[in-house]
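Throughout, read-outs are computed from the coordinates displayed, never taken from laboratory work. Everything numeric here is computed off the predicted structure, so don't read it as measured data. Positions of Cβ are backbone-derived with ideal geometry, glycine not excepted, and every protein chain shown enters the neighbour counts.
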Amino acid sequence: MATKTAAKKADDTTIATNRRARFNYEILETFEAGMVLTGSEIKSVRDRHMTISEGYVQVRNGEAWLLNAHIAQYPAAGPFGQHETTRPRKLLLKKKEIAHIEREMQKARLTIVPLRVYIKGRVAKVLIGLGRGKRQVDRRETIKRRDAQREIGRAMRVKG
């Protein structure tokens, strides 16, 4: 019998990650949101043909939208069943979460970036982060810290 954590790990299949987001932004809060997708889009997502590196989230009229995320066309859908690759996709969040995000954005001049897209159960989800842009000095500090951790790890492996 599998444990609860092992079952949960098997359920969450990561489709795409935005590795640059944590480098360029200091992530303060994260939210899990569902995505409204068409049939050919979800098929393409399940085949892992999605990138979110250029994507961002915008709140308009009390709704959250994922913009500039690329989902490749699904060839088996034929020429007439295709979708636009970078169309705006609605995100499913609770009204209180959207209001909180909007309030924080206006108050602290923050940005919403997609961090990870994954399949949870049968549903495509996106993990979005509320973040503040890092300055060049902060990015250099992140690189120094990462290199130091790497050197420590190497030293520990060699020593034994």
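Structure above, values below:
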item: Local net charge near Arg19, Cβ-Cβ under 13 Å (Lys/Arg +1, Asp/Glu -1); result: +3
item: Dipole moment magnitude, nearest 20 debye, region 10-134 about Cα centre, only Lys, Arg, Asp, Glu C-beta charged; result: 200
item: Of all DSSP beta bridges in region 1-124, antiparallel share, percent nearest 5; result: 100
item: Whole-Å distance, taken between Cα centres, linking region 23-67 and region 120-160; result: 21
item: Listed residues Arg150, Arg19, Arg48, most fluctuating in the chain (Gaussian network, C-alpha, under 10 Å); result: Arg150
item: Per-residue [θ]222 nm for the chain (sum of -39500 (n - 2.57) over DSSP H runs n ≥ 4, rounded to 500); result: -11500 deg cm²/dmol
item: Principal axes of the chain: Cα extent on each, largest first, Å; result: 59, 46, 34
item: Burial ordering of Leu93, Leu66, Leu28, fewest other beta-carbon atoms within 10 Å first; result: Leu28, Leu93, Leu66
item: Exposed GluC sites (Glu not before Pro) absent: longest stretch of the chain, with sites in DSSP loops and at most 16 other Cβ within 10 Å deemed exposed; result: 85-160
item: Separation in nanometres of the label points that stand 7 Å from Cα toward Cβ, at Glu97 and Arg154; result: 4.1
item: Extended-chain gain in nm, criterion 0.36 nm per residue less alpha-carbon gap, Phe80 and Thr30; result: 14.3 nm
item: Cβ-based net charge around Thr38, under 12 Å, with every Lys or Arg adding one and every Asp or Glu removing one; result: +2
item: All aspartates and glutamates inside 13 Å of Lys134 as judged from Cα atoms, apart from same-chain residues fewer than 8 positions distant; result: Glu26
